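Here the structure comes first, spelled out in structure tokens, and everything after it is commentary.
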Amino acid sequence: MKKLPLSFACWDYDRTRALADGTVRPDGIDLTYLSLPVEETFFRMMRSREFDASEMSLSSYTASLTAAEPPFIAIPVFPSRFFRHSCIFVSAKSGIRRPEDLKGKRVGVPEYQMTAPVWIRGILSDDYGVKVTDYEHFSGGEEEPGRDEKLKLDLPARIKINAIGEKQTLAQMIADGEIDALVTARAPSTFRKRPDEVKRLFPDYVATEKAYYAKTRIFPIMHTVVIRRDVYEANPWVAQSLFKALSAAKARAMELYGQTAALPAMLPWLVAHVEETRSLFGEDWWPYGLEANRHVLDTFLRYHHEQGLSKRRLKPEEIFARETLEAFKI
């Protein structure tokens with residue numbers, strides 16, 4: 001029986017590598033895996049729908065559901081998770097020493113709707129009382145001028161957002177003190193090049209993030225996997241097939257971290273790190289599926305709504321293909 005040709009764009013993760021090299025093959029699918037940087041994947045999928053399936057920003061996907069005809073459907077697979085306290089940068093000229101000092105300041109963001117800033121703004125609001133309306137947002141290219149939002153925004157008037165100049169970059173602006181802070185997924189180049197001018201808000205971010213997890217039990221989800229809706233509607237079985245294959249690929253990666261005869265990654269104390277991670281998170285510290293992630297997803301969807309990016313507060317089960325919400329049992 002002929003298999004369905006299907007293109008899948010995703011970065012080169014340990015948890016997807018078995019899918020990329022063909023060690024794991026999705027049922028009924030002849031997969032073409034395109035290993036691309038995440039920004040390129042998101043841009044090409046959101047703007048041109050170039051791939052049958054792809055990794056996708058959780059925020060961009062959630063925002064796309066407000067369209068009259070939503071272009072994608074997601075499956076509960078999460079190739080990227082990241083604690084983001086480390087991704088709040090401040091200008092030395094700003095006088096910011098603690099999160100509460102962000103009130104009334106100028107805060108840069110590459111795109112307002114990016115997942116990382118959604119999490120950061122939500123955490124600042126929940127844990128430090130700094131609301132999304134307490135400061136002014138400035139959006140644009142972090143390292144290159146001319147970046148704009150991948151999705152057209154329709155934000156409430158209470159949220160103040162401005163585009164930076166055509167020749168400006170956020171990395172340069174924070175170092176020069178033209179913005180007071182920057183929330184982003186990638187550290188700005190000036191954090192390395194001009195360390196006296198650009199600092200982290202949380203220098204000891206690992207301890208801060210561990211305390212955050214202990215308090216909330218949230219390991220923030222950044223990306224999900226989406227299928228173009230026309231592909232899904234023509235072949236609804238693809239959702240479960242991809243879910244199973246991506247889960248199997250992740251399981252193979254997890255097996256590697258149990259190896260002690262030889263290190264699978266170039267980290268000297270990888271074994272100790274894995275042991276600590278298991279003690280904090282449990283055996284599966286990177287779960288897929290709806291129920292294992294309901295609390296994390298529900299928190300994110302609340303933030304998304306509070307920040308004006310979704311017109312109503314969605315429920316976690318609304319955003320995934322129904323075929324992936326349950327599994328058969330023997």
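For segment 3-47, what are the residues that are outside any strand (DSSP E or B), in contact (Cβ under 8 Å) with a residue 40 or more places away in the chain and of a type outside the set (A, V, I, L, M, F, W, C)?
Tyr13, Asp14, Arg15, Thr16, Arg17, Thr23, Arg25, Pro26, Asp27, Gly28, Arg47
Out of Glu306, Glu317, which single residue is farther than 20 Å from Ala239 by Cβ and at pLDDT 95 or above?
Just a single option satisfies the conditions, and that option is Glu306.
Can you pull out every residue in segment 1-58 that is open to solvent by less than 30 Å² (accessible area, probe 1.4 Å), among the charged types (D, E, K, R) and over 28 Å from Glu69 (Cβ atoms)?
Across segment 1-58, there are no qualifying residues.
Looking at segment 106-139 only, could you name the residues that are in a loop (DSSP other than H, G, I, E, B), within 16 Å of Met173 (Cα to Cα) and either of a type in the set (Asp, Glu) or in contact with a strand residue (DSSP E or B) (Cβ under 6 Å, 6 or more places away or on another chain) (or both)?
Glu111
Could you check, for segment 243-252, whether at least one of its residues is aromatic (Phe, Trp, Tyr), farther than 24 Å from Asp27 by Cβ and either in contact with a strand residue (DSSP E or B) (Cβ under 7 Å, 6 or more places away or on another chain) or without any contact (Cβ under 8 Å) to a residue 12 or more places away in the chain (or both)?
no
For segment 191-273, list the helices (runs of 4 or more DSSP H) that sit wholly inside it and hold at least 2 residues that are open to solvent by less than 30 Å² (accessible area, probe 1.4 Å) and modelled with pLDDT under 95; which are they?
Here the list is empty.
Farther than 29 Å from Arg322 by Cβ, exposed (fewer than 15 other Cβ atoms within 10 Å of the Cβ) and in contact (Cβ under 8 Å) with a residue 12 or more places away in the chain: is that true of Gly104 in this structure?
Yes.
Take the conditions of a type outside the set (D, E, K, R) and more than 30 Å from Phe328 (Cβ to Cβ) and apply them to Pro236. Does it pass?
When the stated conditions are applied, Pro236 does not pass them.
I'm checking my understanding of the structure. Among residues of segment 147-170 that are aliphatic (A, V, I, L, M) and touching a strand residue (DSSP E or B) at 6+ places or on another chain (Cβ under 8 Å), which one is most open to solvent (accessible area, probe 1.4 Å)?
Among those that are aliphatic (A, V, I, L, M) and touching a strand residue (DSSP E or B) at 6+ places or on another chain (Cβ under 8 Å), it is Ala163.
Say whether the condition of being out of contact with any Ser or Thr (no Cβ under 8 Å at 6 or more places or on another chain), assigned to a loop (DSSP other than H, G, I, E, B) and open to solvent by 30 Å² or more (accessible area, probe 1.4 Å) is met by at least one residue in segment 59-68.
yes
All but one of (1) touching a residue at least 60 places away in the same chain (Cβ under 8 Å); (2) open to solvent by 60 Å² or more (accessible area, probe 1.4 Å); (3) among the acidic types (Asp, Glu) hold for Glu144, so report the exception by its number.
(1)
Take the residues in segment 179-190 that are open to solvent by less than 10 Å² (accessible area, probe 1.4 Å) and either modelled with pLDDT under 95 or part of a loop (DSSP other than H, G, I, E, B) (or both), then tell me which one is nearest to Glu143 (Cα to Cα).
Top of the filtered list is Pro188.
Scan segment 68-79 and report the pairs whose first residue is more than 18 Å from Glu317 (Cα to Cα) and whose second residue is crowded, with 24+ Cβ neighbours inside 10 Å, with Cβ atoms within less than 7 Å and a gap of 6+ or a chain change.
From segment 68-79, the pairs are Pro79/Cys10; Pro79/Thr16; Pro79/Glu55; Pro79/His223; Pro79/Val225.
The values are calculated or read from the model by the stated rules, or taken from the named source; none is laboratory data. Just so you know, these numbers come straight off a predicted model, no measurement behind them. Note: ideal-geometry Cβ built from the backbone for every residue, glycine included; neighbour counts use all protein chains shown. These area figures cover heavy atoms from the full protein model, side chains too; ligands, DNA and RNA do not enter into them. Shrake-Rupley method; radii C 1.70, N 1.55, O 1.52, S 1.80 Å.
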